[in-house]
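Since the structure comes first, as structure tokens, the remarks are kept for the end.
The values are calculated or read from the model by the stated rules, or taken from the named source; none is laboratory data. Since this is a predicted model, take the numbers as computed values, not measurements. Don't worry about glycine lacking a Cβ; one is built from the backbone with ideal geometry, like all the others, and counts go over all protein chains shown. Heads up: the accessible areas ignore ligands, DNA and RNA and are worked out on the full protein's heavy atoms, side chains in. Shrake-Rupley method; radii C 1.70, N 1.55, O 1.52, S 1.80 Å.
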Amino acid sequence: MGYTIAGTYVAACNCRLLCPCPVGALPTGPEDQCHGAAVFRIDRGSLDDVDLSGVAFGLMNHFPGAITDGNWKMGVVADDGASDAQVQALGTILSGEAGGPFAEFAPLIGEFTGIDRGKVTMSDTGGSIAGVGDFTFEVLTGPDGSPTTERNTMFGFAPEFRLGKTSGAFSAFGYDAQASYGESAEFEYSSEGEGQTGRA
């Protein structure tokens with residue numbers, strides 16, 4: 001059972017700028033918790049013979065404390081344009097069953113609420129997840145106008161990602177959150193992968 005998926009993601013959470021979760025520090029959202037939502041667009045990829053190119057999905061998280069302490073709550077919304085086979089393949093990958101970086105995250109997840117279906121969209125300037133909410137993303141830049149980036153973190157969806165600020169609101173796991181921090185990057189994950197996320 002092997003997979004490769006590659007594309008782009010954009011994420012938001014309610015931590016104050018800058019979110020400390022990638023370096024394992026205590027979240028700066030209300031009550032020292034991090035509530036986040038991210039949208040992933042797979043430009044190319046597959047699990048065995050299931051083509052996942054063009055599939056988008058939303059990933060919601062709740063970190064009740066430092067990310068290294070575990071007890072994460074995670075949920076997924078697959079775009080309603082995905083087939084049953086594609087949704088099943090996403091579940092296999094994101095649960096960690098197929099190995100790769102998601103298998104490394106799996107021991108830290110206390111509750112996985114499964115996969116729902118709904119409209120999921122993303123662009124360079126934000127994302128939207130049906131039944132959860134939407135947010136805009138504005139990348140932070142340096143004096144030369146190039147994106148501000150963070151790299152070589154303890155945790156991250158990519159080895160290097162662009163930092164930004166977000167606005168908007170989303171609701172998951174019975175909690176309403178206001179977007180504040182954001183990040184975005186190109187990703188490539190595979191069942192054989194090492195160094196594809198911040199957990200190198």
- Item | Residue check for Ser180: at pLDDT below 95 and either surrounded by fewer than 19 Cβ atoms within 10 Å (Cβ to Cβ) or small (Gly, Ala, Ser) (or both) | no
- Query: Got at least one residue in region 67-83 being closer than 23 Å to Gly168 by Cβ, touching a residue at least 24 places away in the same chain (Cβ under 8 Å), surrounded by fewer than 17 Cβ atoms within 10 Å (Cβ to Cβ) and among the basic types (Lys, Arg)?
  - Reply: no
- Message: Could you check region 30-42 and list, in sequence order, the residues that are surrounded by 24 or more Cβ atoms within 10 Å (Cβ to Cβ), out of contact with any helix residue (DSSP H, G or I) (no Cβ under 7 Å at 6 or more places or on another chain) and not β-branched (Val, Ile, Thr)?
- Response: His35, Gly36, Ala37, Phe40
- Can you name every residue in region 124-155 that is without any contact (Cβ under 8 Å) to a residue 12 or more places away in the chain and within 24 Å of Asp43 (Cβ to Cβ)? Ser146, Arg151
- Query: Going by the structure shown, is Phe63 surrounded by 19 or more Cβ atoms within 10 Å (Cβ to Cβ) and under 17 Å from Asp176 (Cβ atoms)?
  - Reply: yes
- Item | Long-range neighbours under 6 Å by Cβ, at least six apart or interchain, first residue in contact (Cβ under 8 Å) with a residue 60 or more places away in the chain and open to solvent by 10 Å² or more (accessible area, probe 1.4 Å) within region 1-20, second in a loop (DSSP other than H, G, I, E, B) and β-branched (Val, Ile, Thr) | Arg16/Thr28
- Query: Taking strands (runs of 3 or more DSSP E) that do not extend beyond region 118-200, which have at least 1 residues that are touching a helix residue (DSSP H, G or I) at 6+ places or on another chain (Cβ under 7 Å)?
  - Reply: 149-151, 181-190
